[in-house]
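The values are calculated or read from the model by the stated rules, or taken from the named source; none is laboratory data. Since we're looking at a predicted model, the values are computed, not measured. Glycine also receives a Cβ, built like all others from the backbone with ideal geometry; neighbour counts cover every protein chain displayed. Note: accessible area is taken over every heavy atom of the protein model, side chains too, but ligands, DNA and RNA are not part of it. Shrake-Rupley method; radii C 1.70, N 1.55, O 1.52, S 1.80 Å.
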Protein chains: 2
Amino acid sequence: MATSNPGFDGRRAATLRDVAALAGVSIATASKALNGRDQVHPETRERVIAAAAKVAFRPNPMAQGLLRGQTGTVGLLTDDLVGRFSLPILMGAEDEFGSGSVSVFLADARGDAIRQRHHLHAFLDRRVDGLIAVASNTDPRATLGRELPIPVIYAYGPSLDPDDTSLVPDNVSAGEIAVEHLVTTGRRHLALISGDEAYLAARDRTEGVQRAVAAAGLSLVEQVMYGSWSEAWGRTATRALVDRVPELDGIICASDQIARGSLDALRDLGVPVPERVAVLGFDNWEAVVADSRPPLTSVDMNFEALGRAAARRLTQAMSGERHAGGVEKLPVRLVARASTARV
Amino acid sequence: MATSNPGFDGRRAATLRDVAALAGVSIATASKALNGRDQVHPETRERVIAAAAKVAFRPNPMAQGLLRGQTGTVGLLTDDLVGRFSLPILMGAEDEFGSGSVSVFLADARGDAIRQRHHLHAFLDRRVDGLIAVASNTDPRATLGRELPIPVIYAYGPSLDPDDTSLVPDNVSAGEIAVEHLVTTGRRHLALISGDEAYLAARDRTEGVQRAVAAAGLSLVEQVMYGSWSEAWGRTATRALVDRVPELDGIICASDQIARGSLDALRDLGVPVPERVAVLGFDNWEAVVADSRPPLTSVDMNFEALGRAAARRLTQAMSGERHAGGVEKLPVRLVARASTARV
DNA sequence: ACAGTCACAGAAAACCTTTTCGGTATTTTC
DNA sequence: GAAAATACCGAAAAGGTTTTCTGTGACTGT
């Protein structure tokens with residue numbers, strides 16, 4: 001039945017007016033029928049629904065937004081899309097929102113303050129209903145503003161303003177978990193090759209390691225070694241370590257890349273992993289842990305879950321729940337692989 | 001001078017009505033004043049502008065959009081946010097749009113057809129002005145739809161429909177460039193360790209390599225070896241190669257990861273790089289090339305430029321320019337590092 | 001038969017901005 | 001000094017939807 005719809009040419013997107021005309025009712029009735037309001041005869045409702053289906057009617061979100069003062073959008077403002085840390089957070093948030101009816105705007109400030117302000121204002125101009133700010137590292141960062149008209153959740157890097165709500169991975173706990181795992185699997189002579197001391201993540205993980213070592217009644221076989229996050233640093237530090245500490249049986253590396261370097265050095269030196277020394281990293285970076293020899297045990301920071309949590313928190317805040325603010329630390333988890341297998 | 005603005009409480013975002021009232025003019029005049037229309041006395045215009053500044057007026061994009069039938073937004077629909085290939089494309093596109101006044105929606109289909117349709121319709125419902133579809137690999141993919149009401153640019157993986165416009169990296173040329181570089185730096189006995197043959201990228205790069213080898217009047221010292229994209233494959237293939245072909249002096253690996261494995265195997269075997277054998281990869285993946293020993297020469301697929309180009313093409317299409325459609329291949333570039341240094 | 005309910009439909013306002021058009025005062029032209 | 005042009009401003013409509021309020025006809029109970 002290919003009847004033509006008078007007044008509707010099919011090129012332009014159908015409006016409620018088209019639906020109403022086709023169903024022979026007023027615009028008001030059509031709206032009520034489609035939105036499940038009562039005050040509409042069942043038969044009329046069906047006619048409207050059929051008409052809407054026929055012209056593929058989809059309400060114009062701009063008209064809806066104009067009316068109810070909400071856009072159904074949120075902004076994701078990242079400092080650093082390149083770095084692989086913020087990405088899973090974005091993914092988690094995007095997924096959590098996207099499966100609902102919220103659409104997400106993405107903007108990358110690239111670590112530039114000007115750009116950040118630009119994008120923040122672009123978001124505000126667009127009337128996003130909320131905002132997630134994802135930093136490029138876990139160091140505390142300046143707030144985006146104290147009197148913003150919309151709720152903001154800071155993810156990864158917490159806001160310096162205690163009134164803001166921040167969600168961060170628990171790096172201290174990550175350090176503890178690492179030690180507990182090694183101790184559980186029978187290691188007693190542990191060393192820590194940390195990362196760049198300028199990063200809070202490095203210091204936090206170190207703190208966790210030291211706490212857990214003390215709690216286990218042990219002490220590190222060597223002073224904590226700070227350096228960079230690179231494989232090269234992992235190699236140098238490991239060589240020095242093996243030289244100085246013959247009884248060494250477990251190396252905690254503050255990143256997967258460092259651990260990768262450590263593994264390489266140990267292989268060069270002929271030290272078998274995990275038979276003589278266990279090696280463990282942080283971040284659980286798939287590309288690194290899977291291809292290393294042997295596969296690397298690593299502490300996963302649960303970034304995707306963090307993104308999801310941020311999205312849920314934002315959703316709550318947008319629906320009016322007031323929160324005290326502050327920094328919440330989210331749990332991390334250890335992924336065991338061959339590099340720390342019990343011997 | 002903290003005078004209160006009658007009728008404007010500061011909580012709600014200021015509207016043109018507030019500005020007009022504050023400046024003592026009509027809404028129409030206020031609009032014209034702010035939009036640089038003539039028919040406004042210079043002095044009046046100044047008053048309006050001052051009023052707008054005072055209440056921090058920003059036009060409501062929903063009202064504007066409703067009127068002009070455009071939203072000033074585009075959708076970025078990716079198949080795979082995790083994979084590191086689509087990300088730089090997104091970055092390029094985001095940057096190109098974001099520096100203008102276009103905002104970008106992001107959605108990740110995660111390789112799932114249902115999810116893809118869901119997000120496509122979410123975008124259409126939001127009335128985005130255009131769409132960029134980023135695939136997870138270079139294999140041709142199904143079109144998103146033949147009769148979409150907005151322009152669509154396919155990036156990375158081209159659409160199977162020849163009427164669609166697709167932008168892809170030139171993998172054949174990438175293969176050629178790799179060979180030319182090795183030949184130029186004095187290598188004559190080349191082998192190719194390719195990737196997973198199921199991927200068009202692997203076959204295209206292989207084709208380019210073979211063409212360029214022939215063009216140089218040479219031939220590969222071994223049949224093309226297909227395998228996987230992993231370091232492990234790079235190691236096995238390299239060991240076999242070194243075993244069988246003593247005169248070998250250049251290995252082309254179809255990805256940086258394969259190359260990384262190859263370098264590891266060569267070091268294990270005591271074959272010096274680049275002194276005896278040059279090694280070269282594809283993708284220029286920072287984390288891999290920088291930390292490998294020696295640093296790895298690699299063919300960069302220029303993904304960010306591809307994203308920018310896609311954004312520009314979409315902008316053209318949105319402003320009405322008709323394009324013939326088809327697949328356009330974008331140039332790639334070689335980044336030389338120590339692993340292929342001339343001896 | 002009549003007041004009072006009830007079920008349903010539609011008119012109109014509201015959201016905010018832009019543009020067209022008409023109107024009023026002022027200036028220019030001969 | 002009259003006629004025409006100019007400069008400026010505001011009213012109103014348009015864009016698409018939702019909601020409130022009013023209206024109408026049918027039904028209930030006595």
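In this assembly, the B-A interface accounts for approximately 4600 Å² of buried accessible surface in total, computed with a 1.4 Å probe and without ligands, DNA or RNA.
The label-point distance for residue A:327 and residue A:223, in a model that sets each label 7 Å from Cα toward Cβ, rounds to 2.6 nm. Database remark: amide H of residue B:334 closer than 5 angstrom to the amide H of B:300 (H placed geometrically; neighbours at sequence offset of 5 or more, or on other chains; Pro and chain starts carry no H). The trypsin sites (Lys or Arg not before Pro) found in the range B:114-161 that occupy coil by DSSP, while having at most 11 further C-beta atoms within 10 Å, are B:146. Taking only the alpha carbons of chain A, we obtain Rg and Dmax values of 27.4, 89 Å in that order. When you work out D = kT/(6 pi eta Rh) for the range A:16-59 at 10 °C and 1.306 mPa s, using the Kirkwood radius from C-alpha pairs as Rh and the Stokes-Einstein form, the result is 164 µm²/s. Computed over neighbours whose Cβ is under 13 Å from that of residue A:184, the net charge equals +1, Lys and Arg +1, Asp and Glu -1. Of all lysines in the structure, those lying under 30 Å Cα to Cα from residue B:54, and not within fewer than 8 positions of it along the same chain, are B:32. Residues whose amide H lies under 5 Å from that of residue A:225, counting only those 5 or more places away or on a different chain, are A:192, A:194; hydrogens are built 1.01 Å from N in the peptide plane. In this view, the solvent-accessible surface of residue A:136, computed with a 1.4 Å probe and all protein chains in place, comes to about 50 Å². Paramagnetic label reach from residue A:216 (point 7 Å along Cα→Cβ; backbone nitrogen cut-off under 16 Å): within the range A:235-257, residues A:247-254.
Database remark: amide H of residue B:153 closer than 5 angstrom to the amide H of B:131, B:132, B:133 (H placed geometrically; neighbours at sequence offset of 5 or more, or on other chains; Pro and chain starts carry no H).
When all protein chains stay in place and ligands, DNA and RNA are ignored, the 1.4 Å accessible-area order of A:181, A:189, largest first, is A:189, A:181.
Sites listed here are GluC sites (Glu not before Pro) in the range A:210-291 whose DSSP assignment is loop and whose Cβ has at most 12 other Cβ atoms within 10 Å: A:247, A:275. Backbone phi angles across the range B:228-234, fed through the Karplus curve with coefficients 6.51, -1.76 and 1.60 (θ = phi - 60°), yield HN-Hα couplings of 10, 8, 8, 4, 4, 4, x Hz in residue order; Gly and Pro are listed as x. Taking a Cβ cut-off of under 11 Å around residue B:304, the surrounding Lys, Arg, Asp and Glu residues balance to a net charge of -3, with basic ones at +1 and acidic ones at -1. Karplus-based coupling profile of the range B:43-60, in residue order and whole Hz: 5, 4, 4, 4, 4, 5, 4, 4, 4, 4, 5, 4, 9, 6, 5, 9, x, 6, with θ = phi - 60° in 6.51 cos²θ - 1.76 cosθ + 1.60 and x standing for Gly or Pro.
For the range A:282-303 versus the range B:207-255, the spacing of their alpha-carbon centroids is 29 Å. Angle of helix B:303-318 to the longest C-alpha principal axis of chain B, folded into 0 to 90 degrees and rounded to 10: 40°. What distance in nm separates the simple spin-label points at residue A:197 and residue A:35, each placed 7 Å from Cα in the Cβ direction? Using points 7 Å along Cα→Cβ, the separation is 6.2 nm. For residue A:275 and residue A:232, what is the calculated FRET efficiency with R₀ set at 25 Å and r taken between the beta-carbons, to the nearest 0.05? For residue A:275 and residue A:232, the calculated efficiency is 0.50. A cut-off under 15 angstrom between Cβ atoms defines the neighbours of residue B:341, and their net charge, with Lys, Arg +1 and Asp, Glu -1, is +3. For a modelled paramagnetic label at residue A:58, 7 Å from Cα along Cα-to-Cβ, the residues of the range B:78-98 in reach, with backbone nitrogen under 16 Å, are B:78.
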